[in-house]
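> Right, I'll just put the structure down here and ask away after.
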Amino acid sequence: MSAKNVCARWCKIVILVLSGVWRLKDLVPWGFICGLAAFGMMLLLEQGQLEVRLVAIGQMASAQPHTVLEPLVVRYNPPLQAEIVDYFRPPAHIGAPGNRGWEYNPEPGQPVHASAAGEVVFAGVVVGNRFLTLRHLDGLRTTYGYLAQIQVVEGEMVEAEQLIGTTTGRFFFSVRAGDEYLDPASVLAAGRVRLVA
């Protein structure tokens, strides 16, 4: 039964009760009748609201299957095979010296691959150098810097280990969660696990 039909049924019951109470007005004191009518209406309304809620909940339950949280594992792979010459050194504060990622010493023209599947959210030039940023399914962003060529465009979805560019004589790789830079070693080791609906 729909919520509209339930409300209509309870309205008819309330009208019948009130008409019956109105006929008793000459036999019983008016205050008692009003109190009885108000109490009866309160009970009927509570039952009606309860039934409407049950109907609505039943419709929601039948329309939406039960959702279980399943672990989503994003596995990150090294973007290239080359010597790391400078490891992660978090700066003491914004603007302080440090290294927000890893610096590699690759061969010029070496292929760079996506660490994990994701969306290209930036592909362009920063202070004369080509950089590329991917946003992954777990919300992390990886950045690939000092590229000789960029093989993808902003908005493109890329697969894990897909070719995304080539190197110059140096290469930079970083990982961010929001505005916080993470040590790439923390994600390249075994992947990150996050519960998603």
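> Among the candidates Glu107, Glu154, Glu161, which residue alone is assigned to a loop (DSSP other than H, G, I, E, B), among the charged types (D, E, K, R) and under 22 Å from Tyr87 (Cβ atoms)?
Glu107
> In the stretch 171-188, which residues are under 27 Å from Pro108 (Cβ atoms) and assigned to a strand (DSSP E or B)?
Phe171, Phe172, Phe173, Ser174, Val175, Arg176, Tyr181, listed by residue number.
> I've got another one for you. Give the residue, chosen from Leu163, Leu134, that is within 23 Å of Gly178 (Cβ to Cβ) and under 28 Å from the mean Cα position of the chain (by Cα).
Result: Leu134 is the single residue among Leu163, Leu134 that is within 23 Å of Gly178 (Cβ to Cβ) and under 28 Å from the mean Cα position of the chain (by Cα).
> List pairs: first in the stretch 118-142 and in a loop (DSSP other than H, G, I, E, B), second open to solvent by 60 Å² or more (accessible area, probe 1.4 Å), Cβ under 6 Å, 6+ apart or cross-chain?
Asp138/Arg192; Asp138/Arg194
The values are calculated or read from the model by the stated rules, or taken from the named source; none is laboratory data. For clarity, every value in this text was computed on a predicted model and none was experimentally measured. For neighbour counting, all protein chains shown are included, and Cβ atoms are generated from backbone atoms with ideal geometry for every residue, glycine included. Surface areas here come from the heavy atoms of the whole protein model, side chains and all, with no ligands, DNA or RNA. Shrake-Rupley method; radii C 1.70, N 1.55, O 1.52, S 1.80 Å.
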